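The values are calculated or read from the model by the stated rules, or taken from the named source; none is laboratory data. These figures come from a predicted structure and were not determined experimentally. Don't worry about glycine lacking a Cβ; one is built from the backbone with ideal geometry, like all the others, and counts go over all protein chains shown.
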Amino acid sequence: MIFKKNKNDDITNFWISYADLMAGLLFVFILLIGAIVTKSIILKHNLVSSESSLQKKKSALDLKNDEIQDLKAMLFKRNTQLSSFSNKIVILQSVINDVNASLLEKQKSLDDYKGKVLVLSNELNDKKSAIKLKDEQLLKLLDTLGEKETRYDRLVAQMQKTKEKIKNLTGIRIRVIAELKKILGSKIEINPKNGSLRFSSNILFDKGKAVLKENSKKQLKKVFIEYVGALLGNKDIKDHINKIIIEGHTDSDGGFLYNLELSQKRAYEVMNYLLSLNFVKKHHIRSLMIASGRSYLDPIYNKDGTENKDASRRIEIKFSLKNQNAMKEIERILDAK
C-alpha cells in the first residue's frame with residue numbers, strides 16, 4: 001500500500017527539526033554561559049587567593065624593611081583604585097617584578113653579608129683558637145708565677161730577716177748615744193743627733209786666739225774624762241768606736257782660709273792639752289784621737305734661719321764608728337722607697 005506524502009507533513013517536520021536545532025543551540029548557549037560563569041567564579045576565586053597570597057607576601061615584606069612597607073601601601077592604594085581586573089594584574093605584576101628585583105638585590109646583599117659573616121666567623125674561630133692557646137700558655141705562666149711567688153715570698157722573708165739584722169748593725173750609733181745618755185745622765189749634755197760634746201769658743205779661747213784659757217782647762221778635763229770614759233768604759237760601746245774627733249768651728253765673719261786656720265789651731269790646741277792628761281795615757285787613747293778644723297762649714301742657725309754666731313764658734317768632741325760610711329750607705333739603701 002502506497003501512501004502519498006503530504007506537503008503539510010514536510011512543513012511540520014521542518015519546523016520540528018528547526019525547533020530541535022534551536023533547542024540544541026539554546027542548550028549549547030546555556031552550557032557556554034555556565035562555562036563562562038564557572039570560569040569567572042574560578043578566576044575570581046583565584047584572584048582572591050592571589051590577593052590573599054600577595055597580602056601575606058606584603059606583610060612579610062613589611063617586616064623586612066620600610067621600603068617593602070611603602071610598596072605594600074602603594075599596592076593597597078592601587079588595588080582600591082583599579083576598576084578592571086586586567087589593569088590590576090598589570091600593576092600587580094609590575095609591582096611584583098619590582099619587589100622581586102628588590103628581593104634579588106637584598107638576596108645579593110644578604111649573600112654578601114653571609115660571605116662577610118663567614119669570613120668573620122672564620123677569623124673569630126682563629127682568634128678563639130689563638131685565645132685558647134694563650135689561655136693555656138697563661139695557665140702555665142700562672143702556675144710558673146705561683147711557684148715563683150712562693151719562692152719570692154720565701155726570699156722576701158729571708159731578706160726581711162737580713163734587713164732587720166742589718167738595721168740592728170746600722171743602728172749602733174743610736175744605741176751608743178742612748179748608752180751615753182744613760183751613763184752620763186744629766187751631768188753632761190750631749191747632742192741627741194750625733195752624741196757629740198759642745199764647748200763654746202768664748203769659754204775656751206779669747207777672741208781670735210788659739211791658746212786655751214787656764215780657767216777653762218779644769219772644766220774641759222772633767223767633761224772629757226766623763227765623756228770618753230763612758231765611751232770606752234762600756235765594752236758594748238768601745239768595740240764600735242773608731243776615732244775620738246776634736247773639731248774646731250768658727251762663725252762666718254772673715255775669710256774661709258783664715259777661719260780654717262783658726263779652727264784647725266784651736267782643735268790642735270785642745271787635742272794637745274787632752275793628750276797630756278794621764279787619763280789618755282793610761283787608757284791608750286792617743287791612737288784614737290784626731291783634730292780637724294771646719295772653718296764656718298757647719299754653722300748653727302737660729303729659729304728664724306739666721307746664723308747664731310756665738311753658738312757657731314765652738315769646739316766639738318765627737319766619736320766615729322767603725323765602718324761608719326758603709327753603715328750610712330746601707331741605711332740609705334734600706335730606707336729608700
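Does L155 satisfy the criteria of being of a type in the set (A, V, I, L, M, F, W, C), assigned to a helix (DSSP H, G or I), within 55 Å of the chain's Cα centre (by Cα) and loosely packed, with under 12 Cβ neighbours inside 10 Å?
In short, yes.
Quick check on my filter: what residues within the stretch 50-65 are within 60 Å of the chain's Cα centre (by Cα), surrounded by 16 or more Cβ atoms within 10 Å (Cβ to Cβ) and among the hydrophobic types (A, V, I, L, M, F, W, C)?
L61
Can you tell me which residue is nearest to I225 (Cα to Cα) among those in the stretch 283-303 that are in contact with a strand residue (DSSP E or B) (Cβ under 7 Å, 6 or more places away or on another chain) and hydrophobic (A, V, I, L, M, F, W, C)?
I285
What pairs can you find where one residue is in the stretch 127-138 and assigned to a helix (DSSP H, G or I), the other is exposed (fewer than 10 other Cβ atoms within 10 Å of the Cβ) and among the hydrophobic types (A, V, I, L, M, F, W, C), and their Cβ atoms are less than 9 Å apart, with a gap of 6+ or different chains?
No pair meets every condition.
Give me the pairs, please: first residue somewhere in the stretch 26-49 and part of a helix (DSSP H, G or I), second residue anywhere and not hydrophobic (A, V, I, L, M, F, W, C), beta-carbon distance under 9 Å, and either six or more positions apart or on two chains.
Partner pairs satisfying both residue conditions: L47/K88.
Right, N194: in contact (Cβ under 8 Å) with a residue 40 or more places away in the chain, in a helix (DSSP H, G or I) and either under 30 Å from D236 (Cα atoms) or not aliphatic (A, V, I, L, M) (or both) or not?
So N194 does not fit the description; no.
Got a number for residues in the stretch 199-214 being closer than 19 Å to K318 by Cα and small (G, A, S)?
Within the stretch 199-214, residues that are closer than 19 Å to K318 by Cα and small (G, A, S) number 2.
If you take the residues of the stretch 160-190 that are assigned to a helix (DSSP H, G or I) and acidic (D, E), which of them is modelled with the highest pLDDT?
E179
Could you grab me the full set of residues in the stretch 92-112 that are loosely packed, with under 11 Cβ neighbours inside 10 Å, over 17 Å from K58 (Cα atoms) and either touching a residue at least 60 places away in the same chain (Cβ under 8 Å) or not acidic (D, E) (or both)?
K108, S109
Which number in (1) farther than 21 Å from L321 by Cα; (2) modelled with pLDDT under 90; (3) not hydrophobic (A, V, I, L, M, F, W, C) marks the one condition that E214 misses?
(2)
Among (1) under 15 Å from S201 (Cα atoms); (2) loosely packed, with under 13 Cβ neighbours inside 10 Å; (3) not basic (K, R), where does Y296 come up short?
Every condition holds for Y296 apart from (2).
Working carefully through the options K238, K265, K222, find the one that is out of contact with any helix residue (DSSP H, G or I) (no Cβ under 8 Å at 6 or more places or on another chain) and either without any contact (Cβ under 8 Å) to a residue 12 or more places away in the chain or of a type in the set (S, T, Y) (or both).
K222
Is one or more of the residues making up the stretch 244-260 among the charged types (D, E, K, R), out of contact with any Lys or Arg (no Cβ under 8 Å at 6 or more places or on another chain) and either assigned to a helix (DSSP H, G or I) or surrounded by fewer than 17 Cβ atoms within 10 Å (Cβ to Cβ) (or both)?
So far as the stretch 244-260 goes, no, none of its residues is among the charged types (D, E, K, R), out of contact with any Lys or Arg (no Cβ under 8 Å at 6 or more places or on another chain) and either assigned to a helix (DSSP H, G or I) or surrounded by fewer than 17 Cβ atoms within 10 Å (Cβ to Cβ) (or both).
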